[in-house]
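Trainee: Have a look at this one.
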2 protein chains.
Amino acid sequence: MKSDIEIARAAHKLPITKIAAKLDLVADDYLPYGHDKAKLTHAVVNRLKQAPRGKLVLVTSINPTPAGEGKTTTSVGLGDALNRIGKKAVICLREPSLGPNFGMKGGAAGGGYSQVIPMEDINLHFTGDFHAISSANNLLAAMIDNHIHWGNDLRFDTRRVTWRRVVDMNDRALRDITVALGGPSNGYPRETGFDISVASEVMAILCLAEDLSDLKARLARIIVGYNLDKQPITAADLKADGAMTALLKDALQPNLVQTIENNPVLIHGGPFANIAHGCNSVIATKTALALGDYVVTEAGFGADLGAEKFFNIKCRKAGLSPDAVVVVATIRALKMNGGVAKSELAAENTQALKKGSVNLIRHIQNVQKFGLPVVVAINHFVTDTESEIAVLNEVCENLGVQAILCRHWSEGGAGAEELAHAVAKLADQNEAQLQLLYDDQLPLWEKVQKVAREIYGAADVSADPAVLKQLEQWQAAGFGDLPVCMAKTQYSFSADPTALGAPSGHIIPVREVKLSAGAGFIVVICGSIMTMPGLPRVPAAEHISLNENNEIQGLS
Amino acid sequence: MKSDIEIARAAHKLPITKIAAKLDLVADDYLPYGHDKAKLTHAVVNRLKQAPRGKLVLVTSINPTPAGEGKTTTSVGLGDALNRIGKKAVICLREPSLGPNFGMKGGAAGGGYSQVIPMEDINLHFTGDFHAISSANNLLAAMIDNHIHWGNDLRFDTRRVTWRRVVDMNDRALRDITVALGGPSNGYPRETGFDISVASEVMAILCLAEDLSDLKARLARIIVGYNLDKQPITAADLKADGAMTALLKDALQPNLVQTIENNPVLIHGGPFANIAHGCNSVIATKTALALGDYVVTEAGFGADLGAEKFFNIKCRKAGLSPDAVVVVATIRALKMNGGVAKSELAAENTQALKKGSVNLIRHIQNVQKFGLPVVVAINHFVTDTESEIAVLNEVCENLGVQAILCRHWSEGGAGAEELAHAVAKLADQNEAQLQLLYDDQLPLWEKVQKVAREIYGAADVSADPAVLKQLEQWQAAGFGDLPVCMAKTQYSFSADPTALGAPSGHIIPVREVKLSAGAGFIVVICGSIMTMPGLPRVPAAEHISLNENNEIQGLS
């Protein structure tokens, strides 16, 4: 088997003009970036968002494990397969972050024969969206310290500046820093830090904005800190929202690329799936719904975090309603959920598989609570045995859900045709009736409780009185109608990353709450969440370079 | 008179494909970025660099003053004028830095009717080159702290890490910072800081590299700090050069845009003109020399810094040889050099003009020392009087140099046709015979003395024994053949920014020396040089936004 980058490079890439033509787009509708990437213009986005017509298919998964699930790979494979069976399908994905490529994580453009190309570009600078987000974020940061330096008319409490700088790099040394040292001409020293760019609220805002004016309004609402009376200070107070919007103008346009089977993909935005909502942009999804009969999209992490936020945040705010949901699982990962060590995964173990299937079952049932029809995609690995596949089929059948073995990783779209037929059928039955988990009016704390109990299977939620008081203050200040954005370990239904399977009766400890007033949600942090990764002992960067043909090697 | 951005927006912009066609480039030769920008591919750059044929014209100027000189504007006007009189001319400019747009500096794409478009894009993210440079710079920084964190096999003296992070933003709070606070998982705390991206050595390297392999070799040579034996540690020691090259692969390709008169412009790279050499990339200049009969380019600041480095660093290293030099002056600026306050510049003052003309005279004579023919461009202002123009003409005539009144700012290329004829004539006479000011073999300290005495008119150079010892060490370590890159105030021939005119007999105090081993020069810092600007009390950012047509307003 070739490596991902070898497969990607060997693909027969069509000019992006041809991909656009498949979507009935003409030259004025997009801005080319090289011959293999394009941005759809604001004009065409605005024209199209009035005309959604496609069926929306969400791809989500069981809790991630080191065994690998392949959610993006399945989204790509399903999109290719839908096109193969004669459906006009568009895939919508998140943009990967640049920094982690130099750590140990592989890229995020699918894998095997289900990939999006040009994978090197998508994994590196792509069309510059994340750089624009970093610039907008850091302009706001510079304007805060500059304001304080020149007299602090807004009376910032410099101990309570909450806005941090960002860089799209894994750089642990920037997590906690002291700035403005060196004397009066450098400003007032204070403690702060950098997050990785995808953790910026600007990223979440870009992904939820309906258009440029909504973008500006959201940026204006960002709370950057508090004054000496503990009143919030916003980006609008600093008059930063206009310049930030100017910096983000191009970045708000969705990016068009293609799968290695030459089917259209919109890749746009990539917010963190813990402290943010973890889905591609609303603009890309809505544009795709006007361009395709079926739109395949994904949400970050497992369904407990990703799908829950996709429904309760993105769909709620954007008025979207999925027609079908695919839950991706692998037999390997379910065996890990059943207690098998990673080194033992190659051996058949139907007992462990049965035991671990409780994880899948919980996710399926959770999605069903939202009123949506589900199909399970078993992302095939060579070590899967007939007996194991039979066990998993039976588990799903017992829930009245179809489980379909998919071989798109090794075979491309051809390996997911059965899944494509099943998905199209589910979506076409028009049985989906999205029911959000809670109403806007439910008090913030009760929203948290509801997610914890009904999605995580928790007995309750705990929090310091200070956290509860903070939620009450926001409730009183008019933020009570916002949805909650849960930041919890992605590895478990509980807050303990080692508790695999389907733990119940646990307590979800809320450590901290944050108001993302621009994005429009309350971040509820359960346990320790890292917003700036570090590099490993031997970073992948050491092996990335150009080969003799000046092609990039070492990206995976 | 319309504002720059209004003029730029009203221009009839041709598709970039048409501009490329003017240069006999076909679709495979370039990568479009939108419909109005493109990058020439590495393949075409490599093909063309074997075939230089055009005449190289350097545009430089008197020392900058608050009155304004208009060097870029004159470069653009001259390029348009050459095309108007039937010459095939290509303009080569530096890319402007993003950050300063939000401070108070205007953009850097010319002005009035001599501008390069799309000016908003050029002044903001453009094709992402500076973001790529920031990423490469900051990957190296992250790899340094990561290496130390994981055991410090290279034995970094953490007090002697010289590599700093960068951001393309005016952010004074980042000048002096402490990183890696917060406990063991965040690394070893140390003092460091951020520079603005254009001050990165990576920028200077990109602008001096001949191709991708030269780029990688230069990146590998970057010295990032010293070990406990005071021996240098390089980017190659950290195995960072390959990944940095991958990040810069696209950025090394020159950008093609157009003037508002639809003539081709290559805009590529923009190193600082104090701690670096201040010219656009070697690759762009060489490519332009294969594409045009005349190439008009510029160097940063006045001729004492910009032209000196253009000759002694860029031309020396790249084997370039200019055919003519234009020295830009304004009557207003020369009156300031003659002692007139900015508020009094509108009044005729031939005495002050005569007195201040010593600044122009020194610059002309300096350029002539390099064996190059000179013409003076008087960039016209509405307040210039006939008597003043006559005085300036006489000053130049006395040196055997033609001075030509130019009205390109208000009239476009038509206003600089006389200049174009003069420049073409000078260049075509083939009288230029570039003589570098010093040989590679001259010891480093003598190179500094030579520049100070022969270009700045200084009596001598002073330095602490530690500086002299450092130079001797580099001399002994094999760096003695590098050119010196002088970092001095741009406002005066001396190190005192208030000493206008043509001061003589002064002492140039060298405060510090730095080895840019990747770029290939020794930076000689005379006085205080700022590598991270701050924002003013009322940043321009407060007035930048989108108008009702979603066009960017507030950029100047």
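Trainee: For the stretch B:45-120 and the stretch A:20-50, what is the separation of their Cα centres, given in Å?
Mentor: Comparing the Cα centres of the stretch B:45-120 and the stretch A:20-50, I get a distance of 32 Å.
Trainee: Label the stretch A:129-248 by shape, choosing from rounded, prolate and oblate, from the square roots a ≥ b ≥ c of the eigenvalues of the Cα gyration tensor; if a/c is under 1.5 it is rounded, and otherwise prolate applies when a/b is larger than b/c, oblate when it is not. Please report the intermediate quantities before stating the final value.
Mentor: Values: a/c = 1.96, a/b = 1.26, b/c = 1.55.
Oblate.
Trainee: Next up: Taking only protein heavy atoms and a 1.4 Å probe, what accessible area per residue, in Å², does the protein assembly as shown have with all protein chains in place?
Mentor: 33 Å²
Trainee: OK, next. Using just the alpha carbons, could you tell me how many Å³ per residue the convex hull of the stretch B:31-97 encloses?
Mentor: Working: hull volume 10.6 nm³, N = 67.
Cα-based convex hull of the stretch B:31-97, divided per residue, equals 159 Å³.
Trainee: Let me ask another. What list of ³J(HN,Hα) couplings, whole Hz, do you get for the stretch A:38-46 from phi and the Karplus terms 6.51, -1.76, 1.60, once you set θ to phi - 60° and write x for glycine and proline?
Mentor: These are the phi-based 3J(HN,Hα) values: 7, 10, 6, 5, 4, 4, 6, 4, 5 Hz.
Trainee: Right, here's the next one. In nm, one decimal, shortest first: how far is the label point of B:D214 (7 Å from Cα along Cα to beta carbon) from the matching points in the other copies?
Mentor: Spacings between copies for this position, smallest first, are 5.0 nm.
Trainee: Now a separate question. Summing -39500 (n - 2.57) over the DSSP H runs of n ≥ 4 in the protein assembly as shown and dividing by its residue number, what mean residue ellipticity at 222 nm do you reach, to the nearest 500 deg cm²/dmol?
Mentor: -9500 deg cm²/dmol
Trainee: To continue, here is another question. Along the Cα→Cβ direction, 7 angstrom out, place labels at B:E454 and A:A466. What is the inter-label distance in nm?
Mentor: So the label points at B:E454 and A:A466 sit 6.7 nm apart.
Trainee: Suppose accessible area is computed on protein heavy atoms with a 1.4 Å probe; arrange B:K55, A:K22 from highest to lowest.
Mentor: These residues rank, largest area first, as A:K22, B:K55.
Trainee: List the aspartates and glutamates whose Cα sits under 16 Å from the Cα of B:K469, skipping any in the same chain fewer than 8 residues away.
Mentor: Straight-distance partners of B:K469: B:E446, B:E512.
Trainee: Taking the protein assembly as shown as the region of interest, what is the percent of Cα-Cα pairs per 20 angstrom bin, listed from the shortest bin to the one with the maximum distance?
Mentor: Using 20 Å bins, I get a P(r) of 12, 42, 33, 12, 2, 0 for the protein assembly as shown.
Trainee: Not counting ligands, DNA or RNA, and with a 1.4 Å probe, what is A:H12's accessible surface area in Å² rounded to the nearest 10?
Mentor: Approximately 130 Å² of A:H12 is accessible to the 1.4 Å probe.
Trainee: Please work out whether the stretch B:444-526 counts as rounded, prolate or oblate from its C-alpha gyration tensor, where a ≥ b ≥ c are the square roots of the eigenvalues and a/c under 1.5 means rounded, while otherwise a/b larger than b/c means prolate and anything else oblate?
Mentor: Prolate shape, in that a/c is at least 1.5 and a/b is the bigger ratio.
Trainee: Looking at the square roots a ≥ b ≥ c of the eigenvalues of the Cα gyration tensor of the stretch B:406-556, which shape do they give, rounded for a/c under 1.5, prolate if a/b is larger than b/c, or oblate?
Mentor: Values: a/c = 2.13, a/b = 1.39, b/c = 1.53.
Oblate, because a/c is 1.5 or more while a/b does not exceed b/c.
Trainee: Something else about it: Which far-off residues, 5 or more places away or on another chain, put their amide H under 5 Å from the one on A:V328, with H placed in the peptide plane?
Mentor: Hits under the 5 Å cutoff: A:T60, A:S61, A:I62, A:A377.
Trainee: Separate question: In whole Hz, with x marking every Gly and Pro, tabulate ³J(HN,Hα) for the stretch A:125-142 from phi via Karplus 6.51 cos²θ - 1.76 cosθ + 1.60, θ = phi - 60°.
Mentor: Values, residue by residue: 7, 6, 9, x, 4, 6, 5, 5, 5, 4, 4, 5, 4, 7, 5, 4, 4, 5 Hz.
Trainee: Follow-up question, since we're still on this one. Name the residues whose placed amide hydrogens come within less than 5 Å of the amide hydrogen of B:C485, ignoring near sequence neighbours (fewer than 5 apart) on the same chain.
Mentor: B:I522, B:V523, B:V524
Trainee: Leaving ligands and nucleic acids out of the surface, order A:L219, B:L500 by accessible area at 1.4 Å, largest first.
Mentor: Highest to lowest solvent-accessible surface, that is B:L500, A:L219.
Trainee: Report, in listed order, any pair from A:K49/A:K488; B:K87/B:K286; B:K314/B:K514; A:K249/A:K514; A:K216/A:K286 with a Cα-Cα distance greater than 30 Å.
Mentor: Over 30 Å Cα-Cα: A:K49/A:K488.
Trainee: Can you pull the mean other chain C-beta count within 10 Å for peptide B:122-133? Present the calculation step by step, with values, prior to reporting the outcome.
Mentor: Values: counts 0, 0, 7, 11, 1, 3, 7, 1, 2, 9, 4, 0.
Per residue, the average neighbour count from other chains is 4.
Trainee: Residue by residue through the stretch B:389-405, what is 3J(HN,Hα) from phi via Karplus (6.51 cos²θ - 1.76 cosθ + 1.60, θ = phi - 60°)? Round to whole Hz and write x for glycine and proline.
Mentor: Calculated HN-Hα couplings, in order: 4, 4, 4, 5, 4, 5, 3, 6, 4, 4, 9, x, 10, 7, 10, 10, 6 Hz.
Trainee: Residues with amide H under 5 Å of A:L93's amide H, sequence separation 5 or more or different chain, H placed in the peptide plane at 1.01 Å from N; which?
Mentor: A:L266, A:I267, A:H268
The values are calculated or read from the model by the stated rules, or taken from the named source; none is laboratory data. Every value quoted in this text rests on a predicted model; they were computed, and no experiment measured them. With ideal geometry, Cβ positions are generated from the backbone for all residues, glycine too; neighbour counts draw on all protein chains shown. When the accessible area is computed, the model is the full protein with side chains, heavy atoms only, and any ligands, DNA or RNA have been set aside. Shrake-Rupley method; radii C 1.70, N 1.55, O 1.52, S 1.80 Å.
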